[in-house]
Amino acid sequence: MNKVIITCAVTGAIHTPSMSPHLPVTTDEIAEAALGAAEAGAAIVHLHARDPATGRPSQDPELFRRFLPTIAAGSDVVINITTGGSPVQTLKERLAPALHFAPELASLNMGSMNFGLYEMLNRFKTFRHDWEEPYLRNSDDLVFRNSFRDIEYILRSCADAGTRFELECYDTSHLYTAAHFLDRGLLQAPLFIQSVFGLRGGAGAHYEDVMMMRRTADRLFGQDYLWSVLGAGRNQMPVAALSLATGGNVRVGIEDSLWDGPGRLARSNADQVRRIRTIIEALSLEVATPDEARRMLRLKGASQTRVGA
């Protein structure tokens with residue numbers, strides 16, 4: 001039976017605290033959300049941190065230290081630490097927690113892009129914190145920088161620790177960038193390609209966009225990769241279903257979508273994991289355990305990290 005890896009992105013840097021009362025913000029909330037997602041069936045949890053007082057995205061390793069040991073003690077889930085952080089953070093800020101904790105997995109954006117969040121202002125009108133509305137409004141002039149030099153710096157910085165990568169590809173050009181670094185020996189197979197759909201500035205979420213990304217990845221990487229998808233906002237479940245129907249893996253979570261149905265906020269990350277698990281099992285597929293995901297992705301194992309320290 002085919003095994004499907006579910007990744008759950010717990011809080012992220014896109015949404016602001018005013019958009020949902022269910023967005024994990026404090027370190028206790030992030031730990032609880034990650035453990036709930038793992039219990040529901042996520043093999044991997046993709047983790048950001050936030051300033052507990054303001055909800056602003058933060059890459060301060062001390063904040064990660066307040067929830068990583070709790071997650072590691074409470075579950076065997078694979079811990080995946082972002083190096084994307086937020087588009088407004090410096091490269092060294094973004095990389096700091098992955099360097100400090102040497103996780104099994106870290107996310108890595110495979111190219112620069114316009115990163116437009118300003119359309120969220122059409123839905124959300126009131127905010128609790130003074131940074132939220134300007135952050136969204138000014139994103140019409142926001143470029144998320146991930147240059148070739150930046151990517152190489154992250155890859156070389158994490159090499160000695162044996163951290164592997166969730167390669168976030170927002171367009172087909174990012175797949176070619178992944179192939180470039182594979183050719184240079186800075187990435188090793190099997191690649192974990194996380195294709196992203198539905199964010200303004202990246203690939204659309206039409207089924208032709210999804211399949212174009214899949215066909216390109218198949219041509220570039222053959223048997224040397226595992227494919228996963230995330231659909232932003234209302235695209236989350238339709239894009240995930242397309243991936244499942246074509247032998248791929250899935251990412252869900254409140255980082256990517258606040259919703260658990262039309263007009264209905266997800267009350268937890270576990271809600272979204274359970275929903276996609278229902279689709280997986282209806283297709284006669286089986287959810288991969290964390291240890292199965294480790295074998296599929298050739299991860300070094302939790303004992304080789306510092307997340308529990």
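At a glance:
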| item | result |
| --- | --- |
| Subset of segment 213-234 [within 15 Å of the chain's Cα centre (by Cα) and in a helix (DSSP H, G or I)] | 233 |
| Within segment 188-212, tally of residues that are open to solvent by 20 Å² or more (accessible area, probe 1.4 Å), in contact (Cβ under 8 Å) with a residue 24 or more places away in the chain and not in a loop (DSSP other than H, G, I, E, B) | 5 |
| Qualifying positions in segment 286-296 - open to solvent by less than 30 Å² (accessible area, probe 1.4 Å) and either farther than 18 Å from residue 192 by Cβ or not in a helix (DSSP H, G or I) (or both) | 287, 288 |
| Positions within segment 61-70 being outside any loop (DSSP other than H, G, I, E, B) and surrounded by fewer than 24 Cβ atoms within 10 Å (Cβ to Cβ), in sequence order | 61, 62, 63, 65, 69, 70 |
| For residue 128: the one exception among (1) over 20 Å from residue 299 (Cβ atoms); (2) within 18 Å of the chain's Cα centre (by Cα); (3) among the basic types (Lys, Arg) | (2) |
| Which listed residue, of 17, 24, 97, is within 17 Å of the chain's Cα centre (by Cα) and within 21 Å of residue 257 (Cβ to Cβ) | 24 |
| Flag for residue 301 being at positive phi, touching a Phe, Trp or Tyr at 6+ places or on another chain (Cβ under 9 Å) and either of a type in the set (Val, Ile, Thr) or open to solvent by 10 Å² or more (accessible area, probe 1.4 Å) (or both) | no |
| Residue satisfying all of: in segment 262-280; within 19 Å of residue 33 (Cβ to Cβ) and part of a loop (DSSP other than H, G, I, E, B); most open to solvent (accessible area, probe 1.4 Å) among these | 267 |
| Any hit, segment 136-151, residues being of a type in the set (Gly, Ala, Ser), at pLDDT 95 or above, closer than 20 Å to residue 232 by Cα and open to solvent by less than 20 Å² (accessible area, probe 1.4 Å) | yes |
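The values are calculated or read from the model by the stated rules, or taken from the named source; none is laboratory data. If you're wondering where the values come from, they're calculated on a predicted model, not measured in any experiment. Don't worry about glycine lacking a Cβ; one is built from the backbone with ideal geometry, like all the others, and counts go over all protein chains shown. Remember, those area values only see protein heavy atoms, side chains included, never the ligands or the DNA or RNA. Shrake-Rupley method; radii C 1.70, N 1.55, O 1.52, S 1.80 Å.
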